[in-house]
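J.: Below you'll find the structure I mean.
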Amino acid sequence: MRVLHIFDHSSPWPTGYALRSRTLLEWQRALGLETFHLTSANHCGPQVLVEDVEGWRFFRTPAARYGLLRLPLLKSIARIDNLARRLDEVGEEVRPDLLHAHFPAPNGLAAVRVAYLARASPR
């Protein structure tokens, strides 16, 4: 089974979130699952689309320019749109069986949107 994880951020950030996420990935791989990893634009690091960190490949979402979006709600919607676009691109490449969205909620909203659109128009 191919699982595409959608994270807020990941290694090499030394946070509890990143450590917990990595442990989950290790256990899933030990069970024979094939894991893929996407981070939102909240991940700090080099502005690259793909990054290998300690033997793990992460697809990164580049930061979007929000321009005049100063209202928090509009900015949040733009962030979800940005992540959904990247998730759709990565999904085309890795063809996952399952999307696993991790905290915070906007990651889940982007995943639901992409999954719904994929179901509505099979590829």
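The values are calculated or read from the model by the stated rules, or taken from the named source; none is laboratory data. Predicted model, so just to flag it, every value in this text is computed and none were measured. Because the Cβ atoms are built from the backbone with ideal geometry, glycine has one as well, and the counts that use them run over all protein chains shown. Accessible surface is based on the protein model in full, side chains and every heavy atom, while ligands, DNA and RNA are left aside. Shrake-Rupley method; radii C 1.70, N 1.55, O 1.52, S 1.80 Å.
J.: Classify the chain: rounded, prolate or oblate, from the alpha-carbon gyration tensor (a ≥ b ≥ c, eigenvalue square roots; a/c under 1.5 rounded; otherwise prolate if a/b is larger than b/c)?
T.: Judged from the Cα gyration tensor, the chain comes out oblate (a/c at least 1.5, b/c at or above a/b).
J.: Quick one: pull the percent of accessible area on the chain belonging to carbon and sulfur, 1.4 Å probe, ligands and nucleic acids left out.
T.: Carbon-and-sulfur percentage of accessible area, whole number: 61.
J.: Would you kindly find the accessible area of Leu87, with a 1.4 Å probe and non-protein molecules such as ligands, DNA and RNA excluded, rounding to the nearest 10 Å²?
T.: Ignoring ligands and nucleic acids, Leu87 comes out at about 0 Å².
J.: Choose one of Ala105, Gly45, Ser76: the residue whose Cα lies farthest towards the positive end of the charge dipole of the chain (beta-carbon charges +1 Lys, Arg; -1 Asp, Glu; about the Cα centre).
T.: Ser76
J.: Excluding ligands, DNA and RNA, what is the solvent-accessible area per residue of segment 37-123 at a probe of 1.4 Å, expressed in Å²?
T.: Here the residues of segment 37-123 average 64 Å² of exposed surface.
J.: Something else about it: With a 1.4 Å probe and every protein chain left in place, tell me how much accessible area Glu54 has, in Å² to the nearest 10.
T.: Approximately 120 Å² for this residue.
J.: Please give the length that would be gained between Arg95 and Val112 if that part of the chain were fully extended, namely 0.36 nm times their separation in residues minus their C-alpha to C-alpha distance (nm, one decimal).
T.: 4.6 nm
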